[in-house]
Amino acid sequence: MISFTLWDMTRHLLVGAGWTIVLSVIAFVFGGAMGLAVLCVRISANPRLQRFGMAYIEFFQDTPLLMQFFLIFFGLALFGVDISPLFAAMLGLTLFTSAYLAEIWRGCVESLPKGQWEASACLAMSRWEQLRHVILPQALRIAVPPTVGFSVQVVKGTAVASIIGFVEITKTGTMIANATFRPLTVYALVALGYFLMCYPLSVAARRVERRLHAAGRR
Amino acid sequence: MPLVDVNELHKQFGENEVLRGVNLTVEEGDVVAVIGRSGSGKSTFLRILNGLETFDAGHVRIDGERISGLESDLRPLRRKVGMVFQQFNLFPHLTAGENVMLAPRVVKKESPVEVKALAEEMLGRVGLGDKFGAFPDQLSGGQQQRVAIARALAMRPRMLLCDEITSALDPELVGEVLEVVRQLAAEGMTLIMVTHEMRFAREVGNKLVFMHKGKVHEAGDPKSLFANPRTPELASFIQSVG
């Protein structure tokens with residue numbers, strides 16, 4: 001047995017936490033961009049596109065993230081596409097994030113008064129012009145608090161990437177626990193790590209929400 | 001050729017027959033006041049004229065062109081037909097000036113300099129030249145509604161539809177909005193307005209349309225209709241609001 005001090009554990013876990021953050025940021029940025037595209041499909045005027053958007057969202061919401069990872073990691077391998085755990089995790093989390101964000105944002109779009117659609121339509125705007133200039137600027141503003149709130153789910157979701165062998169904080173923790181036979185200490189540190197990453201996001205979400213309520217404008 | 005030509009217009013919401021054969025023609029420069037009890041179909045009728053609502057049977061011609069269901073591209077129609085709503089429906093994330101500039105800029109692709117001058121002119125016309133940079137929530141209801149009128153005018157429509165545009169206003173703010181409409185009428189703008197302001201309908205309109213149970217029950221010169229309603233329904237309506 002290798003002897004590990006508490007500092008040794010922490011040092012390794014910090015490196016793992018770094019990868020958790022990298023994966024979270026990538027998933028959030030790409031997932032956000034893709035979520036916007038899914039949103040546009042989901043609220044398009046074409047019923048067939050709408051249904052496609054709905055099916056996409058339902059699939060990612062109603063299957064476990066772990067299964068989505070397996071499908072990507074082993075599924076793509078079946079087609080001879082050999083992908084790294086990092087890429088598989090990135091892809092999986094991006095798709096997962098895009099589906100949830102699209103659904104959150106759809107709720108925001110639908111919470112706008114119907115009059116905003118009607119007034120912009122009466123000004124001879126196309127559907128795209130309505131979305132671009134009238135609907136999305138308002139919807140995305142009210143979407144800020146739930147979006148920041150959802151980022152917590154993304155950070156915690158990255159833990160699943162450990163199962164396909166991507167070495168982030170959870171995987172690092174598992175390896176150290178196996179080497180030191182001190183799972184409780186290690187996983188307590190891992191949990192603390194997640195908490196330190198997520199708590200600021202929760203606080204930020206609450207803060208922007210309060211600020212939007214107070215301002216109520218723009 | 002009339003600007004608006006409506007022939008045997010029918011509309012149903014489920015089992016509810018809202019319009020049962022509406023006929024109406026509106027000439028260029030007409031100021032038409034549409035009155036009637038709630039549920040008489042007047043708002044639905046107005047909303048059909050710019051395609052916000054579909055209809056089931058009949059013909060609607062605007063400026064000689066037939067409009068049909070929602071599936072067709074309504075944008076050419078809507079460039080000609082402006083609309084002002086009961087609830088103003090200003091875009092709250094944009095200033096008064098930006099509200100007015102938006103459609104000329106993105107729909108008509110006019111240059112920023114032109115659009116700015118246009119917005120200043122239109123806001124001036126409704127007496128809000130000094131509110132260019134104000135956001136809607138910094139304006140009173142009457143001011144918001146005047147911005148909404150300026151926004152519709154900026155598209156230089158052939159006619160303006162007004163759907164109970166003073167009904168959501170505090171009584172002391174009604175006058176300033178009606179004053180703007182009065183001025184538009186005097187300038188020759190074609191107006192079709194659903195209204196509960198009977199005095200306004202009588203004084204400013206040159207045509208009164210009384211809708212009852214999904215039909216044009218009576219139509220004609222406002223002053224003579226108010227003085228001598230030909231049907232008991234109009235007589236009792238005038239009495240009840242009056």
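Determine the relative contact order of the range A:14-215: mean sequence separation of Cα pairs under 8 Å and six or more apart, normalised by residue count, in whole percent.
28
With point charges of +1 on the Cβ of Lys and Arg and -1 on the Cβ of Asp and Glu, referenced to the Cα centre of chain B, which listed residue (B:VAL177, B:LEU139, B:VAL22) lies farthest in the positive direction of the dipole?
About the Cα centre, the residue reaching furthest to the positive side is B:VAL22.
How big is the gap, in Å, between the Cα center of the range B:217-240 and the Cα center of the range B:112-176?
Here the two parts' Cα centres lie 32 Å apart.
Which listed residue (A:GLY31, A:PRO137, A:PHE87) has the Cα farthest towards the positive end of the charge dipole for chain A, taking +1 on Lys and Arg C-beta and -1 on Asp and Glu C-beta about the Cα centre?
A:PRO137
Using only Cα atoms, locate the centre of the range A:145-159 and the centre of the range B:38-64, then give the distance between them in Å, rounded to an integer.
Taking the Cα centre of the range B:38-64 as reference, the centre of the range A:145-159 is 48 Å away.
Have a look at the DSSP beta bridges in the protein assembly as shown and tell me what percent are antiparallel, nearest 5.
Of all bridge pairs located within the protein assembly as shown, approximately 55 percent are antiparallel.
Tally Lys/Arg at +1 and Asp/Glu at -1 over every other residue whose Cβ is under 14 Å from the Cβ of A:LEU93; what's the total?
Charge balance near A:LEU93 sits at 0.
Roughly how many Å is it from the Cα centre of the range A:178-213 to that of the range A:58-134, as a whole number?
26
Which value in Å is the Kirkwood Rh of the range B:1-131 over different Cα pairs?
16.9
Binning every alpha carbon pair distance of chain A at 5 Å from zero, what are the percents per bin?
1, 7, 13, 15, 15, 14, 11, 9, 6, 4, 3, 1, 1, 0, 0
Hey, fewest Cβ within 10 Å first, where do A:TYR187, A:TYR199 land in order?
Going from least to most buried by this count: A:TYR199, A:TYR187.
Please turn the phi angles of the range B:63-68 into ³J(HN,Hα) values with the Karplus equation 6.51 cos²θ - 1.76 cosθ + 1.60 (θ = phi - 60°), one per residue in order, whole Hz, x for glycine and proline.
Couplings: 6, x, 9, 6, 9, 10 Hz.
Please identify, among A:ALA179, A:ALA99, A:ALA27, the residue showing maximal mean-square fluctuation in a Gaussian network model of chain A using a 10 angstrom Cα cutoff.
Fluctuation is largest for A:ALA179.
Explain nothing, just the number: dipole magnitude of the range B:4-241 about its Cα centre with +1 on each Lys and Arg Cβ and -1 on each Asp and Glu Cβ, in debye rounded to the nearest 20.
The dipole magnitude comes to about 260 debye.
Can you give the charge dipole size of the range A:14-215 about its Cα centre, rounded to the nearest 20 debye, using +1 on the beta carbon of Lys and Arg and -1 on the beta carbon of Asp and Glu?
Dipole of the range A:14-215, to the nearest 20 debye: 420 debye.
If the viscosity is 0.692 mPa s and the temperature 37 °C, what Stokes-Einstein diffusion coefficient in µm²/s follows for the protein assembly as shown when Rh is the Kirkwood radius over Cα pairs?
126
Beyond a 25 Å Cα-Cα separation, which of these cross-linked pairs lie in this structure: A:LYS114/B:LYS215; B:LYS42/B:LYS223; B:LYS11/B:LYS223?
A:LYS114/B:LYS215; B:LYS11/B:LYS223, as the Cα separations exceed 25 Å there.
Could you tell me the largest-minus-smallest coordinate of the C-alpha atoms of the range A:1-50 on each of the three principal axes, in descending order and whole angstroms?
63, 18, 10
Using just the helices of chain A, give the 222 nm mean residue ellipticity in deg cm²/dmol: DSSP H runs with n ≥ 4 each add -39,500 (n - 2.57), and the total is spread over all residues, rounded to 500.
-27000 deg cm²/dmol
At 222 nm, what helix-only mean residue ellipticity would chain B give, in deg cm²/dmol to the nearest 500, using -39500 (n - 2.57) for each DSSP H run of four or more?
Only helices count here, giving -11000 deg cm²/dmol.
About its Cα centre, how strong a charge dipole does the protein assembly as shown have in debye, to the nearest 20, once Lys and Arg get +1 and Asp and Glu get -1 at the Cβ?
With Lys and Arg at +1 and Asp and Glu at -1, about 760 debye.
I want to verify a result. In a Gaussian network model of chain B, Cα cutoff 10 Å, which of these has the top mean-square fluctuation: B:ASN16, B:ASN89, B:ASN99?
B:ASN16
Can you give the three extents of the C-alpha atoms in the range B:4-241 along their principal axes, from longest to shortest, in whole Å?
Its Cα atoms span 53, 41, 31 Å along the three principal axes.
Provide the per-residue ³J(HN,Hα) series for the range B:186-193, in order, calculated from phi with Karplus coefficients 6.51, -1.76, 1.60 and θ = phi - 60°, each as a whole number of Hz, with x at glycine and proline positions.
In residue order, the calculated couplings are 5, 7, x, 5, 6, 10, 10, 10 Hz.
Looking only at chain B, where both bridge partners belong to it, what percent of the DSSP beta bridges are antiparallel (to the nearest 5)?
55
Once you've got the GNM for chain A with C-alpha springs shorter than 10 Å, pick whichever of A:THR20, A:THR94, A:THR180 has the biggest mean-square fluctuation.
Greatest mean-square fluctuation among the candidates belongs to A:THR180.
Taking the Cα centre of the protein assembly as shown as the origin and placing charges on Cβ (Lys, Arg +1; Asp, Glu -1), which of B:ILE165, B:ASN89, B:ALA57 is farthest toward the positive end of the dipole?
Farthest towards the positive end: B:ASN89.
Among the GluC sites (Glu not before Pro) within the range B:174-242, which fall in a DSSP loop and have no more than 11 other Cβ atoms within 10 Å of their own Cβ?
When the GluC sites (Glu not before Pro) of the range B:174-242 are filtered for loop state and at most 11 Cβ neighbours within 10 Å, B:GLU187 remain.
Sort largest first and round to whole Å: the equivalent ellipsoid semi-axes of the range A:54-131, each the square root of five times a Cα gyration tensor eigenvalue.
Semi-axis lengths for the range A:54-131 are 38, 13, 9 Å.
To one decimal place, what orientation-averaged projected area in nm² is obtained for the convex hull of the Cα set of the range B:1-60?
For the Cα atoms of the range B:1-60, the hull's average projected area reads 4.2 nm².
Every read-out reported here was derived from the displayed coordinates using simple, explicitly stated rules and does not represent laboratory data. Owing to the predicted nature of the structure, the values given are computational and were not obtained by experimental measurement. We place every Cβ from the backbone using ideal geometry, glycine too, and count neighbours over all the protein chains shown.
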